[in-house]
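> For reference, the structure I am asking about is given below.
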Amino acid sequence: MHGFPRALRIAALALTLLLAAGAAAGGEWTNWRGPHWNGVADDRGLVSSWSKDGTNLLWRDDFTGRSTPVVFDRRVCAIGRVGEGDRRQEIVACWNAETGERLWERRFTVYQTDVPWNRVGWANLAADAETGYVFAHTVHGVLAALDRHGEVVWRHQLAEDYGRLSGYGGRTHTPIVDEDRVILGAIGSNWGAHKPPRHRYYAFDKRSGDVLWVSAPGGPPAGDLNTQSTPVVAEIAGQRLLIGGNADGWVHAMQARTGEPVWKFHLSQRGLNASVAVDGTTVFASHSEENVQPGTMGRLVAIDGTGRGDVTSSHEKWRINELSAGFPSPLVHGGMVYAADNSANLHAVDGATGEEKWQYNYGTVGKSSPVWGDGKIYLTEVNGNVLIIAPGNDGAETLDREHLTMPEGRYAEIYGSVAVGYGRVYFTTEEGIYCLGESSRPFPAAAPPAAAPPAAGDGPAALVQIVPAELVIHAGDSRDFTLRAFDAQGRPVRGPAAPTWGLEGLRGSIDASGRATFDAGGGNQVGFVTVKAGELGAKARVRVVGPLPWSEDFESLEPGQIPAHWRPTFKGARVEQLEDGNKVLMQPKAPRGAPRAFIYLGSSDMRGYTIQADVRGNRQGRRYTDLGLIANGYTLDLQGAHQRLQVRSWASERRMAQQVDFPWEMGVWYTMKLRVDRRSDGPGMVIRGKVWKRDEPEPEAWSITAYDPLVIDSGSPGIYTFAPVPSYFDNVKVMVSE
């Protein structure tokens, strides 16, 4: 490491402070990589040193976070974890950015996820200055818009309604805000053409939560399903592009307003976790997995972002092999790329040539991303370290290094990057949220709201889309559908006049204005709202949830099928005909990975029901199946190897899990029943489960009764399996609880 002369550093910092004295320090940080999507802040007058004992520490509050906060609307907001024992929850909180007064908090009960407790609060928040909304993606798949008071404006349960999968590793995708859209990546499978597991991008209307478009530009996930790359937005060659690393190992560029694929670049043999950074028309991307070629690990590449189609062999500008920057995202400033690797080494690379100028070691574990502000780079490191460095032409000098610890003496984990706003530096750690700044500097006025989306142009329409593009609705309800039109560059234009609306595969009606009504007696169904507008057409995917009761014995289905409206997150679950001629749902042995899987049958807003099914376990050697039912976010699990019956809501933590011994035989049919209700004698939920041999009368008493002090107010009915060997379901019923 080479430092540059101290005299030059002091002179540079003095000039910076002089310029800052007459300049406004009023930027905001609404997306996790900042206002320019590349880790660069515009603020001046930022601190060059601080002390956890008080110097340049404006305020601190107790908070356990592991992600990057957002700073906007004179507020700083963060996501994290809170509580102990059976009251552990995910939390979103907002503070007065100037004083540190906690303004509000919103807690989310975690359920139906394999993410462990210490990784709760993984995804960074996104914010919108125009509406004042904060957007949070929880580890169990809730995407929620929260207003200035922390009230829920809209929410989606992505796992139950759209098939989003949850991996044990905890890597949860971060939402971003662009114009009128909230965009989020998610890996999962859904009904129909969305059944194959893919890394898809969902765009939601930031005000209403309506799905604007869904895009799956890539192929099957490469390796596991545990990735976290967040896309960025850039204007390149006349198009507004959404560019992100995908679980298939490719970098994909899509039109940001439509989701239409533009180009792709094959970077890795496995899924990507780091975000890209853009400078002009050059896209910088990195990873730490096996390279496509040669057989080395890790790479930093520069891609010409003006291409079309597969640009892997045609648009690479330069590469650095064996630079393992798989988690931190690159920072781009002044023609330089600053890439932090997984071992906490910061590499300074010439953005035009790929020549590495210097390296700077700042710790041992690199997870967060570097941030540029006021001529300095701010770095955090997992083992409790916060650094401020001054970069030069041939090296970097440490201006300040602070080590944060927990009350018991060990280091405080830090996974998030800093966020910069209002001339202050904000970050979260395992032991608190911090605000750094000079107390003598006045707090600036809030930045004006973001500009409105572009007005419709006059060019010809090349693409039309229906909004909402994806919908879950109850039978008997009505919904208005609207049409959006775009030119070939993805810019909004006026749509063709007098479009023709229709329904495909759905029972109901739709009028000339696009208002659809779905028959109350139509039952569970999936299909499409269609539109024809001149030579253009589009479809919106609709799943209609019919009234209870439901019953499925699989006799009307062909072997290999499943009910069309079920979300098949089971790995290969399908109807099979047994030797006695009876058709059942069979879950085969998982080909790879954890054999735990789910099928959701309804919608996430359901409550007040009881689910029942016949189940048959299996054993091969020391491998036993677990079989279960899901209601309101709770699982009733009949466990083969343990010979017990368990109720839980959170698979990896057993937060409120309760269990009883329950001897049962493999190869024998049993009937299971699960019911969830609000407690009548206080806050919380009561969960009742019952199991008996199918050929015996149903017992009056419940086999297990469990209590949860927290509330999971609603949730889709479902079935569950842990299947290292094949297992079976039959006669699945969902009825209104008596």
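> In this structure, does ASP86 turn out to be part of a helix (DSSP H, G or I), over 24 Å from PRO231 (Cα atoms) and either at pLDDT 95 or above or outside the structural domain of GLY684 (by TED's automatic domain parsing) (or both)?
Here the answer is yes, as ASP86 does meet what is asked.
> Give the residues of segment 65-80 that are part of a strand (DSSP E or B) and either in contact with a helix residue (DSSP H, G or I) (Cβ under 7 Å, 6 or more places away or on another chain) or not basic (Lys, Arg) (or both), sorted by residue number.
GLY65, VAL70, VAL71, PHE72, VAL76, CYS77, ALA78, ILE79, GLY80
> Filter segment 721-735 down to the residues that are of a type outside the set (A, V, I, L, M, F, W, C) and at pLDDT below 95, then identify the one that is farthest from ASN582 (Cα to Cα).
The qualifying residue farthest from ASN582 (Cα to Cα) is PRO724.
> Here's a check for you: in segment 516-529, which residue that is free of Cβ contacts under 8 Å to residues at least 60 places away in the same chain and part of a strand (DSSP E or B) is surrounded by the fewest Cβ atoms within 10 Å (Cβ to Cβ)?
The residue in question is THR517.
> Still on this structure, I have one more. Cβ-Cβ under 6 Å, sequence separation 6+ or interchain: first residue in segment 499-515 and loosely packed, with under 13 Cβ neighbours inside 10 Å, partner aromatic (Phe, Trp, Tyr). Which pairs?
GLU504/PHE528
> Could I ask something else about it? Filtering segment 139-167 down to residues that are of a type outside the set (A, V, I, L, M, F, W, C) and in contact with a helix residue (DSSP H, G or I) (Cβ under 9 Å, 6 or more places away or on another chain), which residue is modelled with the lowest pLDDT?
The qualifying residue modelled with the lowest pLDDT is SER166.
> Could you name every one of the strands (runs of 3 or more DSSP E) located completely within segment 630-709 that has at least 3 residues being of a type in the set (Val, Ile, Thr) and under 30 Å from ASP161 (Cβ atoms)?
685-693
> Continuing with this model, one more query. Among the residues in segment 347-369, are any hydroxyl-bearing (Ser, Thr, Tyr), touching a Ser or Thr at 6+ places or on another chain (Cβ under 9 Å) and either assigned to a strand (DSSP E or B) or farther than 28 Å from GLN269 by Cβ (or both)?
yes
> Further question on the same structure: Whether any residue in segment 99-106 is within 30 Å of ASP43 (Cβ to Cβ), in contact with a Gly (Cβ under 9 Å, 6 or more places away or on another chain) and in a loop (DSSP other than H, G, I, E, B) is what I want to check.
Checking segment 99-106: not a single residue is within 30 Å of ASP43 (Cβ to Cβ), in contact with a Gly (Cβ under 9 Å, 6 or more places away or on another chain) and in a loop (DSSP other than H, G, I, E, B).
> Filter segment 30-64 down to the residues that are among the β-branched types (Val, Ile, Thr) and not in a strand (DSSP E or B), then identify the one that is farthest from THR131 (Cα to Cα).
My answer is THR55.
> So which strands (runs of 3 or more DSSP E) stay within segment 540-587 end to end and still have 1 or more residues that are surrounded by 14 or more Cβ atoms within 10 Å (Cβ to Cβ) and of a type in the set (Phe, Trp, Tyr)?
Result: 550-552.
> Still on this model: Would you confirm whether or not segment 449-456 contains a residue that is touching a residue at least 40 places away in the same chain (Cβ under 8 Å), crowded, with 23+ Cβ neighbours inside 10 Å and part of a loop (DSSP other than H, G, I, E, B)?
no
Here's the yes/no breakdown for (1) under 26 Å from LEU331 (Cα atoms); (2) of a type in the set (A, V, I, L, M, F, W, C); (3) at pLDDT 95 or above; (4) touching a Cys at 6+ places or on another chain (Cβ under 8 Å):
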| position | (1), (2), (3), (4) |
| --- | --- |
| TYR415 | yes, no, yes, no |
| ILE433 | yes, yes, yes, no |
| ALA451 | yes, yes, no, no |
| GLY490 | no, no, yes, no |
| GLY505 | no, no, yes, no |
| ALA512 | no, yes, yes, no |
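> I'm told ARG102 meets every condition in (1) surrounded by fewer than 18 Cβ atoms within 10 Å (Cβ to Cβ); (2) in contact with a helix residue (DSSP H, G or I) (Cβ under 9 Å, 6 or more places away or on another chain); (3) of a type in the set (Lys, Arg) except one. Can you identify the failing condition by its number?
All conditions are met except number (2).
> I've got another one for you. Quickly run through segment 457-487 and pick out the residues that are surrounded by 15 or more Cβ atoms within 10 Å (Cβ to Cβ) and outside any strand (DSSP E or B).
Within segment 457-487, GLY459, ALA461, ALA462, PRO468, ALA469, ALA475, GLY476, PHE481, ASP487 qualify.
> Conditions: (1) more than 30 Å from ALA488 (Cβ to Cβ); (2) out of contact with any His (no Cβ under 7 Å at 6 or more places or on another chain). ASN524 meets all but one. Number of the miss?
For ASN524, the exception is condition (2).
> To continue, here is another question. Do we have PRO391 as surrounded by 17 or more Cβ atoms within 10 Å (Cβ to Cβ), over 27 Å from the mean Cα position of the chain (by Cα) and not hydroxyl-bearing (Ser, Thr, Tyr) here?
Yes: the conditions hold for PRO391.
> Given the criteria under 18 Å from ARG619 (Cα atoms), of a type in the set (Phe, Trp, Tyr) and touching a residue at least 40 places away in the same chain (Cβ under 8 Å), does TRP664 qualify?
It is true that TRP664 is under 18 Å from ARG619 (Cα atoms), of a type in the set (Phe, Trp, Tyr) and touching a residue at least 40 places away in the same chain (Cβ under 8 Å).
> So, in segment 710-728, how many residues would count as being in a strand (DSSP E or B), among the hydrophobic types (A, V, I, L, M, F, W, C) and surrounded by 24 or more Cβ atoms within 10 Å (Cβ to Cβ)?
Going through segment 710-728 one residue at a time, the tally reaches 1.
> So, ARG675, is that one of a type in the set (D, E, K, R), farther than 29 Å from ASN118 by Cα and touching a strand residue (DSSP E or B) at 6+ places or on another chain (Cβ under 8 Å) or not?
Against the criterion (of a type in the set (D, E, K, R), farther than 29 Å from ASN118 by Cα and touching a strand residue (DSSP E or B) at 6+ places or on another chain (Cβ under 8 Å)), ARG675 qualifies.
> Looking at ARG81, ARG119, ARG87, which is the one that is more than 21 Å from the chain's Cα centre (by Cα) and basic (Lys, Arg)?
Every option except ARG87 fails the conditions.
> If you go through segment 399-424 one residue at a time, how many are in a strand (DSSP E or B) and hydrophobic (A, V, I, L, M, F, W, C)?
Residues flagged as in a strand (DSSP E or B) and hydrophobic (A, V, I, L, M, F, W, C) within segment 399-424 amount to 3.
The values are calculated or read from the model by the stated rules, or taken from the named source; none is laboratory data. Here the structure is a predicted model, which is why all the values come from computation and not from measurement. Positions of Cβ are generated from backbone atoms using ideal geometry, with glycine treated the same way; all protein chains shown enter the neighbour counts.
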